[in-house]
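Written below as structure tokens is the structure these notes are about.
The values are calculated or read from the model by the stated rules, or taken from the named source; none is laboratory data. What you are looking at is a predicted structure, and each value in this text was computed from that prediction instead of being measured. Here Cβ is always computed from backbone atoms with ideal geometry, including for glycine, and neighbour counts include all displayed protein chains.
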Amino acid sequence: MDFLQDLPGGSPPLTRAHKDRDLGNLLYSSDSDDMATIREPESKVDKDKLDPEVLKNLEMHQGFMRQAINVAEEALAGGETPVACVLVHNGEVVARGMNDTNRSLNGTRHAEFLAISEFLAKFPADKLKETDLYVTVEPCIMCASALRQYGIRCVYFGCGNDRFGGNGSVLAVNSDRGLEEGYPSYGGIFRKEAIMLLRRFYIQENENAPNPRAKGNRELKPVV
Ligand SMILES: [Zn+2]
């Protein structure tokens, strides 16, 4: 991840990030001082309020999101950006995915794509229409679009992604007008845990950097 070191101070402009850098590696990465990537837009999200639809079956949703969080922990342990997901069909986890962009240097290897690949190795694509996704971070625009094209039934996510989020934070790819039918999306399940995983990753990245930037006080911020 040493390519992050020569980014200019502050958040790199989006255009530069897209043009010069591997999108996947920047997707959840930013100057962690401002934590722009994982800060949810205040106006759009009531942080402690989950959608009534989620509250109807909260324990079940938390159970599946917990499994996604556990996979993200594995990603963190392996030096990957800790974003992970599970696909659930008929009440069972049938596929998992974790971000793999750092190891592979392939910006398309997001958690959702890996889970979809695992799913498609076992089941016909049509079955995704009866399948729900639980992902620790709001899907990016690329993944949100792929999920829509596959007809995912519903998406549940932990924290929002106000830099690249495709389920409402930047674009609402899940529900905008489009050729394919959209899908419902609910955020906020284990939101704080999802954010803390990312913070732990950024701190670890900073400590491992060969030439750490002189930012001084980059400690774990427990308040989310
Ligand atoms: Zn993505």
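Some points to look at:
- Once region 177-194 is narrowed to residues that are farther than 22 Å from residue 81 by Cβ and at pLDDT 95 or above, the residue that is farthest from the chain's Cα centre (by Cα) is 182.
- Conditions (1) surrounded by fewer than 21 Cβ atoms within 10 Å (Cβ to Cβ); (2) in contact (Cβ under 8 Å) with a residue 24 or more places away in the chain; (3) in a loop (DSSP other than H, G, I, E, B): number failed by residue 200: (3)
- Filter result for residue 144 (small (Gly, Ala, Ser) and within 12 Å of the ligand (Cβ to nearest atom)): yes
- In the set (1) over 20 Å from residue 184 (Cβ atoms); (2) within 16 Å of the ligand (Cβ to nearest atom); (3) more than 15 Å from the chain's Cα centre (by Cα); (4) not polar (S, T, N, Q), residue 122 fails one condition alone, (2).
- Here residue 180 fulfils each of the conditions (1) touching a Pro at 6+ places or on another chain (Cβ under 6 Å); (2) in a loop (DSSP other than H, G, I, E, B) apart from (1).
- Tally of residues being in a loop (DSSP other than H, G, I, E, B) and surrounded by fewer than 19 Cβ atoms within 10 Å (Cβ to Cβ) across region 129-151: 1
- Whichever residue in region 152-173 is assigned to a strand (DSSP E or B) and over 13 Å from the mean Cα position of the chain (by Cα) and, among such residues, is surrounded by the fewest Cβ atoms within 10 Å (Cβ to Cβ): 172
- Close contacts from region 94-111, counting a first residue that is modelled with pLDDT under 95 and outside any loop (DSSP other than H, G, I, E, B) and a second that is more than 14 Å from the ligand (Cβ to nearest atom) and among the acidic types (Asp, Glu), with Cβ to Cβ under 8 Å and a gap of 6+ residues or different chains, come to none at all.
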